[in-house]
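Trainee: My questions will all concern the structure given below.
The values are calculated or read from the model by the stated rules, or taken from the named source; none is laboratory data. Since the structure is predicted, the reported quantities are computational estimates derived from the model, not experimental observations. FYI the Cβ positions are ideal-geometry reconstructions off the backbone, even for glycines, and counts take in every protein chain you see. The area values use the complete protein model at the heavy-atom level, side chains included, leaving out ligands, DNA and RNA. Shrake-Rupley method; radii C 1.70, N 1.55, O 1.52, S 1.80 Å.
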Amino acid sequence: MNPPLVLDPAGRDRDAESAVLHNNSATRVDVLGVQAWAVADPAVLQSLLKDPRVSKDAHRHWPQLPEVVGTWPLALWVAVRSMFTAYGPDHRRLRRLVSGAFTARRIQALRPRIEQMTAALLDELATTPAGEAADLRERLAYPLPIQVISHLMGLPEQLQHRFRSNVDNVFDTTLTVEQAHANTEALYAMLAELIATKRAAPGDDMTSLLIAARDTEGDGTALTEQELLDTLLLVISAGYETTVNLIDNAVAALLADPGQLDHVRAGRASWSDVVEESLRHSAPVAHLPLRYAVADIELPGGPTIPRGDAILASYAAAGRHPGVHGQDADVFDALRAVKDHLAFGNGVHFCLGAPLARMEAEIALRLFFERFPEAAFAPGARLRPLESLISNGHRELPVRLGPDRSGRRS
């Protein structure tokens, strides 16, 4: 058997890795010392994401968990107890408690608030001195999703910056085991502080609702205290990190090929087209750890994944699979007829926040390019990938804004 493909923890060679992953239904990979089957074929991946023989519960279905939980930097990704890692009835129970906050009506009700938040961030951007570059990741792509999820969760302002730093570290796959463990402890300390604050003074927010469910439902359907902590961690972290990358990648793609903006301005493409093509072209999560085979799974035209083996969903590679999107799969094209992707997952674990992320990105793109129609990459700009095999974005996004709609220049 060939040695596993060692995935770069700093995400520096994603395209080359994807090219290897495209050759097989599933490819043995090394993820920071843990072996898994990476799946990048969209049809095979979609099938596995919906297959009841595939679990996300490491405690029940991954025999290797006791060996790695104290020695693997990504242990938090697999050891948490929330709907992210639950299987079967436990998953249905936990998802039910969260899903009420993400109904179509509730999401649409947020639109005016998100537009106001975006407008305020663009006002701040407009103060950039003439000729200077603005880091759009830092000043738009980051703060907007953080403000939105903080609003939903009732996250106090004094905790927002601390949460951001620690959540960023969850996605940083270059940390040592010691650094990762210290970061996990800091995260749980902040979550405990948030819970104590909301127990003392509940508000009209999702954190207070989850605490109420934990404290008042005694029929076995509510959250355990650990599930409460891990559910808050899941919603807060997933609620903004992926949306940051979506906005970042979409802006970068449009600035790299201004003709794509021309399609939108001429009515040939919509902002929704841009968002969907960005999700296909640059999935915000490149690889998502982990899933586990509950039984031996024979893949069509490929290997058999043995029971108990780990499975890695390789979303970024799947989005650019030439077998589905042709030989120009690496090209961003808002007019592409088929923009199918799995960036938000599929099956029972499909991302509850997908409609919110799409809406945030569409609003941010529309208002930014209306306000700064001549925005361009700053001279000499070099886009560097995030140091992560999970999070797919840039460390910074340097942009020369140009004139805004009020006639001022930046």
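Trainee: When the Cα atoms of the stretch 33-93 are enclosed in a convex hull and the volume is divided per residue, what value in Å³ results?
Mentor: On the way: hull volume 5.9 nm³, N = 61.
So the per-residue hull volume is 97 Å³.
Trainee: Quick check: residue separation of R405 and T224 times 0.36 nm, minus the Cα distance between them. What number comes out in nm? Don't jump to the answer; show the numbers that get you there.
Mentor: Details: separation 181, 0.36 × 181 = 65.16 nm, distance 5.15 nm.
60.0 nm is the gain from fully extending R405 to T224.
Trainee: For A196 paired with N23, estimate the spin-label separation in nm (one decimal), with each label point 7 Å from Cα along the Cα-to-Cβ line.
Mentor: 5.5 nm
Trainee: Sticking with this structure for a sec: Rg and Dmax of the stretch 26-155, Cα atoms, in Å?
Mentor: 20.6, 58
Trainee: What is the spread of the Cα atoms of the stretch 252-375 along each of their three principal axes, largest first, in whole Å?
Mentor: Extents along the principal axes, in whole Å: 54, 31, 19.
Trainee: Taking springs between alpha-carbon atoms closer than 10 angstrom, which of G302, G393, G380 fluctuates most in the Gaussian network model of the chain?
Mentor: It is G380.
Trainee: Once you've got the GNM for the chain with C-alpha springs shorter than 10 Å, pick whichever of A283, A201, A334 has the biggest mean-square fluctuation.
Mentor: The residue that fluctuates most here is A201.
Trainee: Moving on to the next point. Once phi is turned into ³J(HN,Hα) by the Karplus curve 6.51 cos²θ - 1.76 cosθ + 1.60 with θ = phi - 60°, what whole-Hz value does each residue of the stretch 357-369 show in order, with x for glycine and proline?
Mentor: 3J(HN,Hα) across the stretch 357-369, in whole Hz: 4, 4, 5, 4, 5, 4, 5, 4, 5, 4, 6, 5, 6.
Trainee: Between the stretch 295-372 and the stretch 234-286, what's the alpha-carbon centroid distance in Å?
Mentor: One Cα centre to the other: 12 Å.
Trainee: Quantify, in whole percent, the carbon and sulfur part of the accessible surface of the stretch 316-385 (1.4 Å probe; protein heavy atoms only). Spell out each step's value before the answer.
Mentor: Details: 1620 of 3010 Å².
C and S atoms contribute 54 percent here.
Trainee: Calculate the FRET efficiency for D13 and E370 from the Cβ-Cβ distance with a Förster distance of 41 Å, rounded to the nearest 0.05. Can you show the working numbers first?
Mentor: Values: r = 37 Å, r/R0 = 0.89.
Computed FRET efficiency for D13 and E370 comes out at 0.65.
Trainee: I would also like to ask the following. Pull out a ≥ b ≥ c, the square roots of the eigenvalues of the alpha-carbon gyration tensor of the chain, then state rounded if a/c is under 1.5, prolate if not and a/b is larger than b/c, and oblate in the remaining case.
Mentor: Working: a/c = 1.72, a/b = 1.17, b/c = 1.46.
Since a/c reaches 1.5 but b/c is at least a/b, the shape of the chain is classed as oblate.
Trainee: Let me ask you something else. Roughly how many nanometres apart are two label points built 7 Å out from the Cα toward the Cβ at D215 and E138?
Mentor: Computed distance between label sites D215 and E138 equals 4.0 nm.
Trainee: Compute the Cα gyration tensor for the stretch 99-240, then decide on rounded, prolate or oblate, letting a ≥ b ≥ c be the square roots of its eigenvalues: rounded whenever a/c is under 1.5, prolate when a/b is larger than b/c in the other cases, and oblate in all that remain.
Mentor: Values: a/c = 2.45, a/b = 1.37, b/c = 1.79.
Oblate is the answer for the stretch 99-240, as a/c is 1.5 or above yet b/c matches or exceeds a/b.
Trainee: Comparing E276, E157, E360, which has the greatest mean-square fluctuation in the GNM of the chain with Cα pairs linked when under 10 Å apart?
Mentor: E157
Trainee: With every protein chain present, what is the per residue accessible area of the stretch 235-288 (1.4 Å probe, Å²)? Please report the intermediate quantities before stating the final value.
Mentor: On the way: 1320 Å² over 54 residues.
Ligands and nucleic acids excluded, the figure is 25 Å² per residue.
Trainee: Here is a further query. Quick one: give the max-minus-min coordinate of the C-alpha atoms of the stretch 229-277 along each principal axis, largest first, in Å.
Mentor: That works out to 47, 18, 12 Å along the principal axes.
Trainee: Note down the nm distance, to one decimal, between modelled labels 7 Å out along Cα→Cβ at E157 and at A182.
Mentor: The modelled label-to-label distance comes out at 3.0 nm.
Trainee: Per DSSP H run of n ≥ 4, the term is -39500 (n - 2.57); total these for the chain, divide by its residue number, and report the mean residue ellipticity at 222 nm rounded to 500 deg cm²/dmol.
Mentor: Numbers: 19 runs with 198 residues, N = 410.
That comes out to -14500 deg cm²/dmol.
Trainee: Please give the direction-averaged projected area of the C-alpha convex hull for the stretch 209-318, in square nanometres with one decimal.
Mentor: Details: hull surface 45.4 nm².
Averaged projected area of the stretch 209-318's Cα convex hull equals 11.4 nm².
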